[in-house]
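This report refers to the structure that appears directly beneath it.
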Number of protein chains: 2
Amino acid sequence: MPAVTDWLTRSNALAALEARARERLAGLKAIELPAGKVLFRPGDEVSGFVLVVSGRVGVYMTGPTGREILLYSITPGETCVQTTLGLLGVEDYSAEAVAETALEIVVIPKPLFMDLLDTSTAFRTFVFHAFASRLQSIMQLLERLAFTKIEERLAAILLERCDETGRVRNTHQDLATAIGSAREVVSRRLELFGRKGLVALERGHIEITSKSGLMRLIG
Amino acid sequence: MPAVTDWLTRSNALAALEARARERLAGLKAIELPAGKVLFRPGDEVSGFVLVVSGRVGVYMTGPTGREILLYSITPGETCVQTTLGLLGVEDYSAEAVAETALEIVVIPKPLFMDLLDTSTAFRTFVFHAFASRLQSIMQLLERLAFTKIEERLAAILLERCDETGRVRNTHQDLATAIGSAREVVSRRLELFGRKGLVALERGHIEITSKSGLMRLIG
DNA sequence: TCGATTGTGTGACCATGTCACTGACAAACT
DNA sequence: AGTTTGTCAGTGACATGGTCACACAATCGA
(Lines give C-alpha, C1' and ligand atoms only; values in the text may rest on other atoms or scores of the structure.)
Protein backbone atom coordinates (compact mmCIF):
# COMPACT_ATOMS: atom_id res chain seq x y z
CA MET A 1 0.00 0.00 0.00
CA PRO A 2 1.50 3.33 -1.06
CA ALA A 3 1.69 6.35 1.19
CA VAL A 4 -1.14 8.84 0.85
CA THR A 5 -0.41 10.61 -2.39
CA ASP A 6 -0.88 14.26 -3.07
CA TRP A 7 -3.03 13.54 -6.08
CA LEU A 8 -5.28 16.53 -5.54
CA THR A 9 -2.34 18.88 -5.77
CA ARG A 10 -0.88 17.12 -8.75
CA SER A 11 -4.13 16.93 -10.64
CA ASN A 12 -4.51 20.19 -12.48
CA ALA A 13 -7.92 19.03 -13.60
CA LEU A 14 -9.35 20.05 -10.27
CA ALA A 15 -7.06 23.00 -9.71
CA ALA A 16 -9.96 25.45 -9.68
CA LEU A 17 -11.80 23.58 -6.96
CA GLU A 18 -13.16 25.59 -4.05
CA ALA A 19 -11.51 25.16 -0.64
CA ARG A 20 -14.60 23.53 0.80
CA ALA A 21 -14.84 20.92 -1.93
CA ARG A 22 -11.10 20.40 -1.71
CA GLU A 23 -11.41 19.48 1.94
CA ARG A 24 -14.04 16.89 1.18
CA LEU A 25 -11.76 15.23 -1.33
CA ALA A 26 -8.59 15.49 0.72
CA GLY A 27 -9.38 12.33 2.61
CA LEU A 28 -9.49 10.16 -0.51
CA LYS A 29 -6.44 8.17 -1.36
CA ALA A 30 -5.24 7.38 -4.83
CA ILE A 31 -5.33 3.67 -5.62
CA GLU A 32 -2.54 2.03 -7.60
CA LEU A 33 -3.39 -0.55 -10.22
CA PRO A 34 -1.11 -2.63 -12.45
CA ALA A 35 -1.14 -2.45 -16.22
CA GLY A 36 -3.61 -4.87 -17.76
CA LYS A 37 -6.09 -4.59 -14.92
CA VAL A 38 -9.70 -4.51 -16.13
CA LEU A 39 -11.43 -1.54 -14.51
CA PHE A 40 -14.88 -2.55 -15.54
CA ARG A 41 -16.71 -4.92 -17.79
CA PRO A 42 -20.19 -4.75 -19.22
CA GLY A 43 -22.72 -5.21 -16.45
CA ASP A 44 -20.46 -4.19 -13.57
CA GLU A 45 -21.90 -2.25 -10.68
CA VAL A 46 -20.65 1.32 -10.48
CA SER A 47 -19.49 2.40 -7.04
CA GLY A 48 -18.20 5.87 -7.73
CA PHE A 49 -16.79 8.50 -9.99
CA VAL A 50 -13.40 7.48 -11.37
CA LEU A 51 -10.64 10.00 -11.91
CA VAL A 52 -7.34 8.98 -13.46
CA VAL A 53 -4.36 10.61 -11.75
CA SER A 54 -1.58 8.94 -13.67
CA GLY A 55 -1.34 6.35 -16.42
CA ARG A 56 -3.69 5.59 -19.27
CA VAL A 57 -6.90 3.61 -19.59
CA GLY A 58 -8.36 2.29 -22.84
CA VAL A 59 -12.09 1.84 -23.28
CA TYR A 60 -13.00 -0.79 -25.85
CA MET A 61 -16.12 -2.08 -27.49
CA THR A 62 -16.17 -5.64 -28.75
CA GLY A 63 -18.30 -6.96 -31.58
CA PRO A 64 -19.79 -10.41 -31.90
CA THR A 65 -16.96 -11.55 -34.20
CA GLY A 66 -14.34 -10.51 -31.66
CA ARG A 67 -13.29 -7.39 -33.49
CA GLU A 68 -12.56 -4.55 -31.08
CA ILE A 69 -12.68 -0.78 -31.31
CA LEU A 70 -10.95 1.66 -29.04
CA LEU A 71 -13.66 4.11 -28.05
CA TYR A 72 -11.34 6.49 -26.25
CA SER A 73 -8.38 6.69 -23.92
CA ILE A 74 -8.51 8.21 -20.47
CA THR A 75 -5.42 10.23 -19.62
CA PRO A 76 -4.46 11.92 -16.34
CA GLY A 77 -7.02 14.44 -15.21
CA GLU A 78 -9.79 12.75 -17.16
CA THR A 79 -12.64 10.61 -16.00
CA CYS A 80 -14.40 7.53 -17.18
CA VAL A 81 -17.75 8.71 -18.54
CA GLN A 82 -18.95 5.14 -18.61
CA THR A 83 -18.98 5.02 -14.85
CA THR A 84 -20.54 8.47 -14.73
CA LEU A 85 -23.34 7.20 -16.94
CA GLY A 86 -23.88 4.45 -14.41
CA LEU A 87 -23.94 6.92 -11.52
CA LEU A 88 -26.59 8.97 -13.28
CA GLY A 89 -28.79 5.97 -13.73
CA VAL A 90 -28.39 5.33 -17.44
CA GLU A 91 -28.10 1.70 -18.31
CA ASP A 92 -24.73 0.84 -19.63
CA TYR A 93 -23.75 -1.20 -22.62
CA SER A 94 -20.98 -3.48 -23.71
CA ALA A 95 -17.70 -1.65 -23.21
CA GLU A 96 -14.65 -2.63 -21.28
CA ALA A 97 -11.99 -0.46 -19.65
CA VAL A 98 -8.43 -1.75 -19.39
CA ALA A 99 -5.40 -0.18 -17.76
CA GLU A 100 -2.86 0.24 -20.53
CA THR A 101 -0.12 1.30 -18.13
CA ALA A 102 0.22 1.18 -14.37
CA LEU A 103 -2.36 3.51 -12.90
CA GLU A 104 -3.18 5.76 -10.03
CA ILE A 105 -6.88 6.42 -9.80
CA VAL A 106 -9.19 8.07 -7.33
CA VAL A 107 -12.69 6.82 -6.82
CA ILE A 108 -15.15 9.37 -5.50
CA PRO A 109 -17.97 7.40 -3.84
CA LYS A 110 -21.40 8.03 -5.25
CA PRO A 111 -22.80 9.97 -2.25
CA LEU A 112 -19.85 12.33 -2.20
CA PHE A 113 -20.02 12.69 -5.97
CA MET A 114 -23.68 13.64 -5.82
CA ASP A 115 -23.04 16.04 -3.02
CA LEU A 116 -20.18 17.75 -4.83
CA LEU A 117 -22.34 18.11 -7.92
CA ASP A 118 -24.85 20.01 -5.82
CA THR A 119 -22.47 22.14 -3.84
CA SER A 120 -19.41 22.83 -5.95
CA THR A 121 -19.66 24.93 -9.07
CA ALA A 122 -16.12 24.08 -10.07
CA PHE A 123 -16.70 20.35 -9.72
CA ARG A 124 -19.90 20.62 -11.71
CA THR A 125 -18.10 22.46 -14.45
CA PHE A 126 -15.45 19.80 -14.49
CA VAL A 127 -17.97 17.00 -14.84
CA PHE A 128 -19.91 18.82 -17.53
CA HIS A 129 -16.81 19.46 -19.55
CA ALA A 130 -15.72 15.88 -19.21
CA PHE A 131 -19.07 14.78 -20.54
CA ALA A 132 -19.10 17.29 -23.32
CA SER A 133 -15.65 16.59 -24.63
CA ARG A 134 -16.18 12.84 -24.47
CA LEU A 135 -19.38 13.14 -26.42
CA GLN A 136 -17.49 15.25 -28.88
CA SER A 137 -14.71 12.72 -29.27
CA ILE A 138 -17.14 9.84 -29.72
CA MET A 139 -18.83 11.74 -32.50
CA GLN A 140 -15.52 12.29 -34.19
CA LEU A 141 -14.83 8.60 -33.93
CA LEU A 142 -18.19 7.91 -35.50
CA GLU A 143 -17.39 10.29 -38.32
CA ARG A 144 -14.04 8.65 -39.00
CA LEU A 145 -15.55 5.20 -38.88
CA ALA A 146 -18.35 6.08 -41.25
CA PHE A 147 -16.53 8.23 -43.76
CA THR A 148 -12.78 7.84 -43.63
CA LYS A 149 -10.77 5.27 -45.54
CA ILE A 150 -8.53 2.82 -43.77
CA GLU A 151 -5.42 4.23 -45.40
CA GLU A 152 -6.05 7.65 -43.92
CA ARG A 153 -6.98 6.36 -40.48
CA LEU A 154 -3.92 4.16 -40.41
CA ALA A 155 -1.55 6.92 -41.43
CA ALA A 156 -3.05 9.14 -38.75
CA ILE A 157 -2.69 6.60 -35.97
CA LEU A 158 0.92 5.87 -36.96
CA LEU A 159 1.83 9.53 -36.71
CA GLU A 160 -0.08 9.86 -33.46
CA ARG A 161 1.63 6.93 -31.82
CA CYS A 162 5.21 7.27 -32.94
CA ASP A 163 7.92 8.46 -30.58
CA GLU A 164 10.53 11.12 -31.41
CA THR A 165 12.58 8.68 -33.44
CA GLY A 166 9.57 7.64 -35.53
CA ARG A 167 9.12 4.27 -33.92
CA VAL A 168 5.61 2.94 -33.30
CA ARG A 169 5.62 0.29 -30.57
CA ASN A 170 2.40 -1.38 -31.53
CA THR A 171 1.42 -4.66 -33.06
CA HIS A 172 -0.73 -4.71 -36.17
CA GLN A 173 -3.57 -5.86 -33.94
CA ASP A 174 -3.16 -2.83 -31.67
CA LEU A 175 -3.37 -0.52 -34.64
CA ALA A 176 -6.35 -2.34 -36.08
CA THR A 177 -8.21 -1.99 -32.80
CA ALA A 178 -7.31 1.67 -32.54
CA ILE A 179 -8.82 2.44 -35.94
CA GLY A 180 -11.68 -0.03 -35.72
CA SER A 181 -10.49 -2.36 -38.44
CA ALA A 182 -9.23 -5.92 -38.76
CA ARG A 183 -5.65 -7.11 -38.27
CA GLU A 184 -5.34 -8.53 -41.77
CA VAL A 185 -6.45 -5.28 -43.33
CA VAL A 186 -3.85 -3.35 -41.37
CA SER A 187 -1.13 -5.85 -42.22
CA ARG A 188 -1.84 -5.52 -45.92
CA ARG A 189 -2.03 -1.79 -45.86
CA LEU A 190 1.20 -1.55 -43.88
CA GLU A 191 2.91 -3.72 -46.44
CA LEU A 192 1.75 -1.29 -49.09
CA PHE A 193 3.12 1.60 -47.03
CA GLY A 194 6.34 -0.36 -46.82
CA ARG A 195 6.58 -0.78 -50.57
CA LYS A 196 6.02 2.93 -51.01
CA GLY A 197 8.94 3.55 -48.65
CA LEU A 198 6.84 5.18 -45.95
CA VAL A 199 7.55 2.66 -43.20
CA ALA A 200 9.79 -0.26 -42.33
CA LEU A 201 8.15 -3.26 -40.67
CA GLU A 202 9.61 -5.23 -37.79
CA ARG A 203 8.11 -7.71 -35.43
CA GLY A 204 6.24 -5.82 -32.71
CA HIS A 205 6.96 -2.33 -33.96
CA ILE A 206 7.12 -0.12 -37.00
CA GLU A 207 9.64 2.49 -38.09
CA ILE A 208 8.30 5.49 -39.91
CA THR A 209 10.74 6.35 -42.68
CA SER A 210 8.77 9.17 -44.25
CA LYS A 211 6.66 11.25 -41.94
CA SER A 212 5.83 13.69 -44.68
CA GLY A 213 4.66 10.87 -46.91
CA LEU A 214 2.21 9.73 -44.27
CA MET A 215 1.04 13.26 -43.64
CA ARG A 216 0.22 13.66 -47.30
CA LEU A 217 -2.18 10.75 -46.99
CA ILE A 218 -4.17 12.57 -44.34
CA GLY A 219 -4.60 15.90 -46.07
CA MET B 1 -47.11 34.79 -33.99
CA PRO B 2 -48.88 32.25 -31.80
CA ALA B 3 -50.29 33.08 -28.42
CA VAL B 4 -48.05 32.36 -25.44
CA THR B 5 -48.15 28.62 -25.13
CA ASP B 6 -48.24 26.67 -21.93
CA TRP B 7 -45.19 24.65 -22.92
CA LEU B 8 -43.82 24.48 -19.41
CA THR B 9 -46.97 22.78 -18.18
CA ARG B 10 -47.17 20.48 -21.16
CA SER B 11 -43.52 19.49 -21.02
CA ASN B 12 -43.26 16.66 -18.57
CA ALA B 13 -39.50 16.78 -18.99
CA LEU B 14 -39.31 19.69 -16.61
CA ALA B 15 -42.20 18.59 -14.41
CA ALA B 16 -39.96 18.27 -11.36
CA LEU B 17 -38.66 21.81 -11.65
CA GLU B 18 -38.61 23.94 -8.50
CA ALA B 19 -41.07 26.83 -8.27
CA ARG B 20 -38.26 29.38 -8.42
CA ALA B 21 -36.75 27.97 -11.60
CA ARG B 22 -40.22 27.61 -13.04
CA GLU B 23 -40.81 31.33 -12.60
CA ARG B 24 -37.64 32.15 -14.47
CA LEU B 25 -38.73 30.07 -17.42
CA ALA B 26 -42.34 31.17 -17.41
CA GLY B 27 -41.55 34.26 -19.45
CA LEU B 28 -40.12 32.29 -22.37
CA LYS B 29 -42.39 31.66 -25.30
CA ALA B 30 -42.33 28.61 -27.49
CA ILE B 31 -41.34 29.33 -31.07
CA GLU B 32 -43.08 27.62 -33.97
CA LEU B 33 -41.03 26.43 -36.91
CA PRO B 34 -42.12 24.77 -40.14
CA ALA B 35 -41.02 21.28 -41.21
CA GLY B 36 -37.80 21.33 -43.19
CA LYS B 37 -36.35 24.28 -41.30
CA VAL B 38 -32.64 23.90 -40.60
CA LEU B 39 -32.07 24.56 -36.91
CA PHE B 40 -28.34 24.72 -37.17
CA ARG B 41 -25.49 23.96 -39.49
CA PRO B 42 -21.85 23.32 -38.80
CA GLY B 43 -20.19 26.48 -37.61
CA ASP B 44 -23.34 28.24 -36.40
CA GLU B 45 -23.19 30.39 -33.32
CA VAL B 46 -25.09 28.94 -30.38
CA SER B 47 -27.38 31.40 -28.64
CA GLY B 48 -29.06 29.20 -26.10
CA PHE B 49 -30.25 25.87 -24.85
CA VAL B 50 -32.82 24.32 -27.19
CA LEU B 51 -35.74 22.32 -25.87
CA VAL B 52 -38.18 20.64 -28.23
CA VAL B 53 -41.78 20.96 -27.04
CA SER B 54 -43.52 19.31 -29.96
CA GLY B 55 -42.46 17.79 -33.27
CA ARG B 56 -39.29 15.99 -34.20
CA VAL B 57 -35.80 17.11 -35.17
CA GLY B 58 -33.24 14.98 -37.00
CA VAL B 59 -29.54 15.51 -36.49
CA TYR B 60 -27.42 14.37 -39.43
CA MET B 61 -23.77 14.03 -40.22
CA THR B 62 -22.66 14.26 -43.84
CA GLY B 63 -19.59 12.64 -45.32
CA PRO B 64 -17.41 13.97 -48.13
CA THR B 65 -19.18 11.74 -50.68
CA GLY B 66 -22.57 13.13 -49.71
CA ARG B 67 -23.61 10.08 -47.75
CA GLU B 68 -25.57 11.01 -44.63
CA ILE B 69 -26.13 9.39 -41.27
CA LEU B 70 -28.89 10.14 -38.83
CA LEU B 71 -27.11 10.66 -35.51
CA TYR B 72 -30.26 10.90 -33.45
CA SER B 73 -33.75 12.31 -33.37
CA ILE B 74 -34.92 14.87 -30.84
CA THR B 75 -38.43 14.22 -29.62
CA PRO B 76 -40.64 16.33 -27.31
CA GLY B 77 -39.04 16.92 -23.93
CA GLU B 78 -35.55 16.36 -25.31
CA THR B 79 -32.80 18.81 -26.06
CA CYS B 80 -30.21 19.27 -28.70
CA VAL B 81 -26.91 18.28 -27.13
CA GLN B 82 -25.06 19.83 -30.03
CA THR B 83 -26.10 23.28 -28.90
CA THR B 84 -25.34 22.35 -25.31
CA LEU B 85 -21.83 21.42 -26.35
CA GLY B 86 -21.52 24.87 -27.87
CA LEU B 87 -22.78 26.53 -24.69
CA LEU B 88 -20.21 24.68 -22.66
CA GLY B 89 -17.42 25.87 -24.87
CA VAL B 90 -16.61 22.69 -26.74
CA GLU B 91 -15.94 23.24 -30.40
CA ASP B 92 -18.52 21.66 -32.56
CA TYR B 93 -18.17 19.63 -35.68
CA SER B 94 -20.05 18.96 -38.87
CA ALA B 95 -23.61 18.04 -38.01
CA GLU B 96 -26.86 19.54 -39.15
CA ALA B 97 -30.24 19.65 -37.42
CA VAL B 98 -33.39 19.65 -39.53
CA ALA B 99 -37.03 19.91 -38.45
CA GLU B 100 -38.67 16.73 -39.68
CA THR B 101 -42.13 17.92 -38.72
CA ALA B 102 -43.53 21.30 -37.72
CA LEU B 103 -41.97 22.24 -34.39
CA GLU B 104 -42.47 24.12 -31.22
CA ILE B 105 -39.19 24.83 -29.48
CA VAL B 106 -38.05 26.89 -26.55
CA VAL B 107 -34.67 28.55 -26.51
CA ILE B 108 -33.23 29.25 -23.08
CA PRO B 109 -30.70 32.06 -23.51
CA LYS B 110 -27.19 31.25 -22.43
CA PRO B 111 -27.11 33.48 -19.32
CA LEU B 112 -30.35 32.04 -18.01
CA PHE B 113 -29.16 28.53 -18.84
CA MET B 114 -25.95 29.03 -16.90
CA ASP B 115 -27.82 30.52 -14.00
CA LEU B 116 -30.30 27.65 -13.87
CA LEU B 117 -27.46 25.16 -13.92
CA ASP B 118 -26.06 26.82 -10.81
CA THR B 119 -29.28 27.32 -8.92
CA SER B 120 -31.68 24.54 -9.85
CA THR B 121 -30.94 20.97 -8.88
CA ALA B 122 -33.82 19.70 -10.98
CA PHE B 123 -32.67 21.57 -14.06
CA ARG B 124 -29.14 20.31 -13.56
CA THR B 125 -30.40 16.77 -13.29
CA PHE B 126 -32.37 17.23 -16.46
CA VAL B 127 -29.36 18.48 -18.39
CA PHE B 128 -27.13 15.72 -17.04
CA HIS B 129 -29.60 13.06 -18.00
CA ALA B 130 -30.01 14.54 -21.44
CA PHE B 131 -26.27 14.41 -21.90
CA ALA B 132 -25.94 10.95 -20.53
CA SER B 133 -28.67 9.37 -22.58
CA ARG B 134 -27.49 11.04 -25.75
CA LEU B 135 -23.98 9.79 -25.18
CA GLN B 136 -25.47 6.39 -24.61
CA SER B 137 -27.46 6.47 -27.83
CA ILE B 138 -24.50 7.67 -29.86
CA MET B 139 -22.48 4.75 -28.56
CA GLN B 140 -25.21 2.37 -29.56
CA LEU B 141 -25.19 3.89 -33.02
CA LEU B 142 -21.45 3.40 -33.15
CA GLU B 143 -21.86 -0.21 -32.15
CA ARG B 144 -24.47 -0.86 -34.83
CA LEU B 145 -22.40 0.86 -37.47
CA ALA B 146 -19.28 -1.02 -36.60
CA PHE B 147 -20.65 -4.47 -36.00
CA THR B 148 -24.14 -4.96 -37.41
CA LYS B 149 -24.93 -6.10 -40.92
CA ILE B 150 -27.08 -4.03 -43.23
CA GLU B 151 -29.76 -6.67 -43.35
CA GLU B 152 -30.29 -6.52 -39.62
CA ARG B 153 -30.18 -2.75 -39.41
CA LEU B 154 -32.64 -2.45 -42.28
CA ALA B 155 -35.09 -4.94 -40.81
CA ALA B 156 -34.92 -3.05 -37.51
CA ILE B 157 -35.59 0.35 -39.02
CA LEU B 158 -38.51 -1.00 -41.06
CA LEU B 159 -40.14 -2.37 -37.93
CA GLU B 160 -39.41 0.81 -36.04
CA ARG B 161 -40.92 3.08 -38.64
CA CYS B 162 -44.00 1.20 -39.77
CA ASP B 163 -47.46 2.31 -38.74
CA GLU B 164 -50.17 -0.01 -37.37
CA THR B 165 -51.01 -1.34 -40.82
CA GLY B 166 -47.37 -2.20 -41.54
CA ARG B 167 -46.76 0.64 -43.96
CA VAL B 168 -43.39 2.43 -43.92
CA ARG B 169 -43.71 5.91 -45.43
CA ASN B 170 -40.06 6.35 -46.30
CA THR B 171 -38.06 6.43 -49.49
CA HIS B 172 -35.12 4.12 -49.88
CA GLN B 173 -32.91 7.14 -49.38
CA ASP B 174 -34.56 7.94 -46.03
CA LEU B 175 -33.94 4.43 -44.82
CA ALA B 176 -30.37 4.44 -46.05
CA THR B 177 -29.66 7.65 -44.15
CA ALA B 178 -31.31 6.29 -41.04
CA ILE B 179 -29.06 3.26 -40.98
CA GLY B 180 -25.95 4.99 -42.32
CA SER B 181 -25.81 3.16 -45.62
CA ALA B 182 -26.20 3.99 -49.30
CA ARG B 183 -29.45 4.14 -51.26
CA GLU B 184 -28.42 1.47 -53.76
CA VAL B 185 -27.55 -0.94 -51.00
CA VAL B 186 -30.92 -0.46 -49.37
CA SER B 187 -32.73 -0.85 -52.70
CA ARG B 188 -31.02 -4.15 -53.36
CA ARG B 189 -31.60 -5.49 -49.93
CA LEU B 190 -35.26 -4.46 -50.03
CA GLU B 191 -35.67 -6.28 -53.30
CA LEU B 192 -34.27 -9.37 -51.60
CA PHE B 193 -36.72 -8.91 -48.74
CA GLY B 194 -39.43 -8.64 -51.38
CA ARG B 195 -38.43 -11.88 -53.02
CA LYS B 196 -38.53 -13.60 -49.66
CA GLY B 197 -42.08 -12.31 -49.19
CA LEU B 198 -41.23 -10.07 -46.26
CA VAL B 199 -42.22 -6.76 -47.87
CA ALA B 200 -43.99 -5.34 -50.90
CA LEU B 201 -42.36 -2.35 -52.59
CA GLU B 202 -44.20 0.72 -53.89
CA ARG B 203 -43.04 4.10 -54.95
CA GLY B 204 -42.45 6.21 -51.83
CA HIS B 205 -43.42 3.60 -49.29
CA ILE B 206 -43.10 -0.04 -48.31
CA GLU B 207 -45.64 -2.53 -47.02
CA ILE B 208 -44.44 -5.04 -44.50
CA THR B 209 -46.06 -8.36 -45.31
CA SER B 210 -44.33 -10.45 -42.68
CA LYS B 211 -43.44 -8.73 -39.45
CA SER B 212 -42.35 -11.96 -37.87
CA GLY B 213 -40.02 -12.65 -40.80
CA LEU B 214 -38.29 -9.31 -40.25
CA MET B 215 -38.10 -9.87 -36.53
CA ARG B 216 -36.34 -13.15 -37.08
CA LEU B 217 -33.60 -11.25 -38.91
CA ILE B 218 -32.91 -9.16 -35.83
CA GLY B 219 -32.71 -11.89 -33.24
C1' DT C 1 15.42 -27.92 -26.19
C1' DC C 2 10.69 -28.37 -27.06
C1' DG C 3 6.29 -26.76 -27.03
C1' DA C 4 3.32 -22.97 -26.62
C1' DT C 5 2.31 -18.39 -27.54
C1' DT C 6 2.40 -14.34 -30.20
C1' DG C 7 2.91 -11.66 -34.35
C1' DT C 8 2.67 -11.66 -39.17
C1' DG C 9 1.73 -13.07 -44.26
C1' DT C 10 -1.66 -14.81 -47.71
C1' DG C 11 -5.52 -16.40 -50.58
C1' DA C 12 -10.38 -16.78 -51.15
C1' DC C 13 -14.66 -15.00 -50.55
C1' DC C 14 -18.48 -12.11 -49.22
C1' DA C 15 -20.58 -7.67 -47.86
C1' DT C 16 -20.77 -3.02 -48.67
C1' DG C 17 -19.93 1.57 -50.78
C1' DT C 18 -19.30 4.16 -55.09
C1' DC C 19 -20.02 5.50 -59.83
C1' DA C 20 -22.49 5.86 -63.83
C1' DC C 21 -26.16 5.08 -65.81
C1' DT C 22 -31.44 3.93 -67.04
C1' DG C 23 -36.21 4.14 -66.80
C1' DA C 24 -40.64 5.01 -64.26
C1' DC C 25 -43.64 7.98 -62.20
C1' DA C 26 -45.77 12.36 -60.63
C1' DA C 27 -46.47 17.21 -60.33
C1' DA C 28 -46.34 21.52 -62.77
C1' DC C 29 -46.64 24.10 -66.96
C1' DT C 30 -48.02 25.29 -72.01
C1' DA D 1 -53.55 16.51 -74.06
C1' DG D 2 -48.42 16.85 -74.46
C1' DT D 3 -44.03 18.43 -72.39
C1' DT D 4 -40.83 19.36 -68.94
C1' DT D 5 -38.70 18.69 -64.63
C1' DG D 6 -37.66 16.49 -60.50
C1' DT D 7 -37.93 12.54 -57.53
C1' DC D 8 -37.54 7.65 -56.87
C1' DA D 9 -36.03 3.26 -57.90
C1' DG D 10 -33.29 -0.51 -60.55
C1' DT D 11 -28.84 -2.22 -62.25
C1' DG D 12 -24.04 -3.44 -63.70
C1' DA D 13 -19.21 -2.81 -62.79
C1' DC D 14 -15.86 -2.08 -59.73
C1' DA D 15 -13.01 -1.00 -55.40
C1' DT D 16 -12.62 -1.38 -50.54
C1' DG D 17 -12.82 -3.72 -46.44
C1' DG D 18 -14.08 -7.63 -43.12
C1' DT D 19 -14.00 -12.71 -42.34
C1' DC D 20 -12.23 -17.26 -42.49
C1' DA D 21 -8.77 -20.55 -42.83
C1' DC D 22 -4.62 -21.31 -42.99
C1' DA D 23 0.99 -21.20 -42.92
C1' DC D 24 5.06 -19.72 -40.86
C1' DA D 25 8.48 -17.35 -38.08
C1' DA D 26 10.03 -15.19 -33.79
C1' DT D 27 9.92 -15.35 -28.87
C1' DC D 28 9.35 -17.15 -24.35
C1' DG D 29 8.89 -20.59 -20.52
C1' DA D 30 9.51 -24.71 -18.46
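The values are calculated or read from the model by the stated rules, or taken from the named source; none is laboratory data. Just so it is clear, the model here is predicted, and its values are computed rather than measured. Neighbour counts run over all protein chains shown; Cβ positions are idealised from the backbone, glycine included. Only protein heavy atoms, including side chains, enter the accessible area calculation; ligands, DNA and RNA are left aside. Shrake-Rupley method; radii C 1.70, N 1.55, O 1.52, S 1.80 Å.
One table, with the values for the structure above:
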quantity: Derived scalar couplings ³J(HN,Hα) [the stretch A:179-187; Karplus, 6.51 cos²θ - 1.76 cosθ + 1.60; whole Hz; x for Gly, Pro]; calculated: 9, x, 10, 9, 4, 4, 4, 5, 4
quantity: Whole-percent carbon and sulfur share, accessible surface of the stretch A:7-146, 1.4 Å; calculated: 52 percent
quantity: Proximal charge balance of A:Ile74 [Cβ under 11 Å; K/R count +1, D/E count -1]; calculated: 0
quantity: Peptide-level mean, for A:82-94, of C-beta atoms on other protein chains within 10 Å; calculated: 4
quantity: Two-decimal log10 I(q)/I(0) for the protein assembly as shown, as the Debye equation yields it once each C-alpha is a single scatterer, q = 0.07 Å⁻¹; calculated: -0.42
quantity: Net charge, B:Pro42 excluded, C-beta distance under 11 Å - Lys, Arg +1, Asp, Glu -1; calculated: -3
quantity: Long-range amide H partners of B:Ser54 with built H, under 5 Å; calculated: B:Glu104
quantity: Three semi-axes of the equivalent ellipsoid, the stretch B:1-156, Cα gyration tensor, whole Å, largest first; calculated: 28, 17, 16
quantity: Contact surface A-B: accessible area buried, both sides summed, square angstrom, 1.4 angstrom probe; calculated: 3500 Å²
quantity: Inter-chain shielding of B:143-150 (mean C-beta neighbours from other protein chains, 10 Å cut-off); calculated: 4
quantity: Accessible area per residue, Å², chain A with all protein chains present, probe 1.4 Å; calculated: 47 Å²
quantity: Whole-number percent relative contact order across chain B, with pairs defined as alpha carbons under 8 Å at least 6 apart; calculated: 20 percent
quantity: Loop GluC sites (Glu not before Pro), the stretch A:114-170 (other Cβ atoms within 10 Å of the site Cβ: 14 or fewer; DSSP); calculated: A:Glu164
quantity: Label spacing, shortest first and in nm, from A:Thr9 to its equivalents in the remaining copies (7 angstrom along Cα→Cβ); calculated: 5.9
quantity: Whole-Hz couplings from phi, Karplus 6.51/-1.76/1.60, listed for the stretch A:75-88; x for Gly and Pro; calculated: 10, x, x, 9, 10, 9, 4, 3, 5, 4, 3, x, 4, 8
quantity: Hz values of 3J(HN,Hα) by residue in the stretch A:112-125 - Karplus curve (6.51, -1.76, 1.60), Gly and Pro given as x; calculated: 5, 4, 4, 5, 4, 4, 6, 10, 10, 4, 5, 5, 4, 4
quantity: Cα gyration tensor shape for the stretch B:15-59, rounded if a/c is under 1.5, else prolate or oblate; calculated: prolate
quantity: Mean residue ellipticity (222 nm) of chain B, computed from DSSP H runs ≥ 4 via -39,500 (n - 2.57), nearest 500; calculated: -13500 deg cm²/dmol
quantity: Shape call, the stretch A:148-218: gyration tensor on alpha carbons, a/c limit 1.5; calculated: rounded
quantity: The stretch A:21-61: GluC sites (Glu not before Pro) in DSSP loop, at most 11 other beta carbons within 10 Å; calculated: A:Glu45
quantity: Sulfur and carbon atoms: percent of accessible area, the stretch B:148-218 [1.4 Å]; calculated: 46 percent
quantity: Amide H within-cut-off set for A:Lys37, under 5 Å, with H built and near neighbours excluded; calculated: A:Ala99
